[in-house]
Amino acid sequence: NYAALIQQQINEGKENLREKTMYGIQLTEEKLNDFRDEQIGQLKELMDETTKLNKNITVSKDSGHKT
């Protein structure tokens, strides 16, 4: 289900190049409590890495492609 959601969000993001696209879902505190400590650490690392990448993404006004 999560992979299908991400694919849908990617497709929507391609259609709305001018709008900021959010990927994934917000996890409730209840859902987070179901994760093991190791999984929470992995989620944090993933968040840190994807946030770091966002700082390096730019949109070229000429081509419309992301670099």
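The values are calculated or read from the model by the stated rules, or taken from the named source; none is laboratory data. Since the structure is predicted, the reported quantities are computational estimates derived from the model, not experimental observations. For neighbour counting, all protein chains shown are included, and Cβ atoms are generated from backbone atoms with ideal geometry for every residue, glycine included.
Observations on the model:
- Just one of the listed residues (Ile6, Ile40, Ile10) is at pLDDT 85 or above, in contact with a helix residue (DSSP H, G or I) (Cβ under 8 Å, 6 or more places away or on another chain) and not acidic (Asp, Glu), and it is Ile40.
- Residue in segment 48-58 that is acidic (Asp, Glu) and either at pLDDT below 80 or over 12 Å from the mean Cα position of the chain (by Cα) (or both) present: no
- In segment 3-21, the residues that are of a type in the set (A, V, I, L, M, F, W, C) and exposed (fewer than 10 other Cβ atoms within 10 Å of the Cβ): Ala3, Ala4
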